[in-house]
1. Scan region 113-131 residue by residue and report those that are of a type outside the set (Gly, Ala, Ser) and either surrounded by fewer than 19 Cβ atoms within 10 Å (Cβ to Cβ) or not assigned by TED's automatic domain parsing to the domain that holds THR171 (or both).
2. Counting only residues that are over 17 Å from GLY27 (Cβ atoms) and within 11 Å of ligand 1 (Cβ to nearest atom), which one in region 162-207 is surrounded by the fewest Cβ atoms within 10 Å (Cβ to Cβ)?
3. Any residue in region 228-248 that is open to solvent by less than 10 Å² (accessible area, probe 1.4 Å), at pLDDT below 95 and more than 13 Å from ligand 1 (Cβ to nearest atom)?
4. Within region 309-338, can you find the residues that are buried (at least 19 other Cβ atoms within 10 Å of the Cβ) and β-branched (Val, Ile, Thr)?
5. Would you be able to tell me the number of residues in region 211-236 that are under 17 Å from GLU199 (Cα atoms) and in a loop (DSSP other than H, G, I, E, B)?
6. When only residues in region 75-84 that are modelled with pLDDT under 95 and touching a Lys or Arg at 6+ places or on another chain (Cβ under 7 Å) count, which is nearest to ligand 1 (Cβ to nearest atom)?
7. Here are the criteria: (1) modelled with pLDDT under 95; (2) open to solvent by 30 Å² or more (accessible area, probe 1.4 Å); (3) of a type outside the set (Val, Ile, Thr); (4) within 16 Å of ligand 1 (Cβ to nearest atom). Tell me which single one SER43 does not satisfy.
8. Please go through region 75-89 and pick out each residue that is more than 16 Å from ligand 2 (Cβ to nearest atom) and surrounded by fewer than 20 Cβ atoms within 10 Å (Cβ to Cβ).
Amino acid sequence: MSRSHPSSLASDANETGPPIPNLIGSGPAMEKIYRLTRQVARSNASVLLLGETGTGKELIAKAIHRLSPRGSGPFVRVNCGALAENLLESELFGHVRGAFTGAIENRTGRFEAAHTGTVFLDEINSTTPKLQVKLLRVLQEHEFERVGDTQTIRVDTRVVAASNRDLMEETETGRFREDLYYRLNVITIHIPPLRERREDIPLLVGHFLKIYNEQDFRHVPHVRSDAMQALVEYDWPGNVRELQNYIERAVVLAPGDELTPDLLPDVVLGRKPRRLGRHRAADLPALAAELVEQGIEAAGPQADNLHSMIVNRVERELIAQVMTQADGVQIKAADRLGINRNTLHKKLKEYGLEK
Ligand SMILES: Nc1ncnc2c1ncn2[C@@H]1O[C@H](COP(=O)(O)OP(=O)(O)O)[C@@H](O)[C@H]1O
Ligand SMILES: [Mg+2]
């Protein structure tokens, strides 16, 4: 597969047309997802999308909306991991003037904004128990009150939710309400990580190549077979989003009309990442020795053994570096790290990295 001519791959995708607009992939995993997407689109049932970050949950949520009878209504996304509890509550349900300090005007919530359409609750696993109760009620009764108000509002809004964590597991540990889980779980679509559907990688490469050639006025229609092989073999912890970024970068950097391995990041080529803060990844044994000498206290939270000491130290370096790259913007850094904002916030605190 990796040896097929890339430009023919790109045009193949056009001739047959993707089964659902914007969704690329023809392997059995994606076929199953297309089938489910079409089926659930017809109904009003809540849908739960489970998959690692960058696997296409948002894209699928939009497809469900567009293919549904509500397709001409609004599609409203709320990232539940990006806001603290109070802000999220008022974002979702709205508030009335004077409900809290700073509430100088009435505000319509996202559930109301999505009336006759679909609300996409991204990172639903990061909601707090209080909000989970309120969400359960909307799902069951289609009603709620704005923050600070007693008047009940009824909406006709379909809910699609996404989580990059196993919600079942979250209910077992008590972090997620079981009744809400079962309510959301009417239909669950599991989106496998890209490394478990490598057959789709050449198609996706062709797809993004086409997009970025057009967008950046470039002419890089070919992928050399050794570059394609590296792309197919890489493990893609950031899934399709990561692939998309690397193809964009390669298209911009390519001196000729061919995507060659040197245009891909070292990690894709199976080399060690260049730097991890001050320490090279290859220096980790030395770092471990250094930590043992220093004693455990320097290592951060819950470091009661060598393993967690080292993991903590590496995580601290990583977070510090990504925060710098993101100019201190936590939402950006959390996105890049693939963790939600609340988790990042907690870790910044634990590691004493808050400015
Ligand atoms: N099957 C796919 N076909 C084409 N593009 C995809 C596919 N899956 C993901 N993408 C792209 O990858 C990026 C990440 O997808 P997104 O839906 O935001 O993932 P998630 O919500 O799971 O983090 C987006 O730019 C999206 O357009
Ligand atoms: Mg997402």
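1. Hits for region 113-131 are HIS115, THR116, THR128, PRO129, LYS130.
2. Filtering first and then ranking leaves ASN164.
3. No, region 228-248 contains no residue that is open to solvent by less than 10 Å² (accessible area, probe 1.4 Å), at pLDDT below 95 and more than 13 Å from ligand 1 (Cβ to nearest atom).
4. The answer is ILE319, and nothing else.
5. Going through region 211-236 one residue at a time, the tally reaches 3.
6. GLY81
7. For SER43, the exception is condition (4).
8. Scanning region 75-89 gives ALA84, GLU85, ASN86, LEU87.
The values are calculated or read from the model by the stated rules, or taken from the named source; none is laboratory data. All figures in this text were calculated on a predicted structure; none of them were measured in a lab. All Cβ positions, even for glycine, are placed from backbone atoms using ideal geometry, and neighbour counts span all protein chains on display. Keep in mind that these areas ignore ligands, DNA and RNA; they rest on the heavy atoms of the full protein, side chains included. Shrake-Rupley method; radii C 1.70, N 1.55, O 1.52, S 1.80 Å.
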